Amino acid sequence: MIRTAHPADLDAIAALHTRARATYYQGHIPEEAYAGQAERDRTREGWTRAVARDPAEGGVLCAEQDGRLTGVAAYRTEDGVTTLTQLHVDPDHWRRGTGAALHAACLEAWRRTGVRRVRLEVYEHNLRAQAFYAAQGWTPDPDDGAAGTHRILRLEIGPGPAASGE
């Protein structure tokens, strides 16, 4: 089930975020930078702001199975640019469709609000995520290229199946 995140989800979201990030940062950056107490505090604070954000400025969606949070996605529109800021799936739930379901829910939300292009940054060593995004139609952004250790991707959003008569 995909649903809107609530403040009561914050502990579970922050914990999932930390577990997921460890899978691709481990061995590339110091553990303190992705799992240390200061980073865990920063993560919780960031998710608190995202969950409290006005829906006109973005959203946070949760994937849930049997009452347990299995994935989370966040997006934000600022200065006319929509960014998928986070999409994490609990590593215990990889390859079960959770990420695809979250991505589809984001697409639906973007189409409802008239968003036609979205960007994201993906860690250069996170090849699993890069393959996932490519399968969802994301391509390297020729206007932005790269941001340090991250690749910038974009997605052009066309009308959904119902809008095109399919």
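Mind checking which residues of region 105-115 are outside any loop (DSSP other than H, G, I, E, B) and free of Cβ contacts under 8 Å to residues at least 40 places away in the same chain? Of everything in region 105-115, just one residue is outside any loop (DSSP other than H, G, I, E, B) and free of Cβ contacts under 8 Å to residues at least 40 places away in the same chain, namely Arg112.
Screening the candidates Ala131, Ala101 for the property of being out of contact with any Pro (no Cβ under 7 Å at 6 or more places or on another chain), of a type in the set (A, V, I, L, M), in contact (Cβ under 8 Å) with a residue 24 or more places away in the chain and under 26 Å from Ala22 (Cα atoms) yields one hit, Ala101.
When each of Arg112, Arg119, Arg68 is tested for being over 16 Å from the mean Cα position of the chain (by Cα) and either surrounded by 14 or more Cβ atoms within 10 Å (Cβ to Cβ) or closer than 25 Å to Trp138 by Cα (or both), the lone residue that passes is Arg112. Say whether the condition of being under 26 Å from Pro55 (Cα atoms) and assigned to a loop (DSSP other than H, G, I, E, B) is met by at least one residue in region 124-137. Yes, there is a match, as at least one residue in region 124-137 is under 26 Å from Pro55 (Cα atoms) and assigned to a loop (DSSP other than H, G, I, E, B).
Bear in mind these aren't lab numbers, they're just calculated from the coordinates by the rules spelled out. Given the structure is predicted, the values throughout are model-derived calculations rather than measurements. Virtual Cβ from ideal backbone geometry, glycine too; neighbours counted across all protein chains shown.
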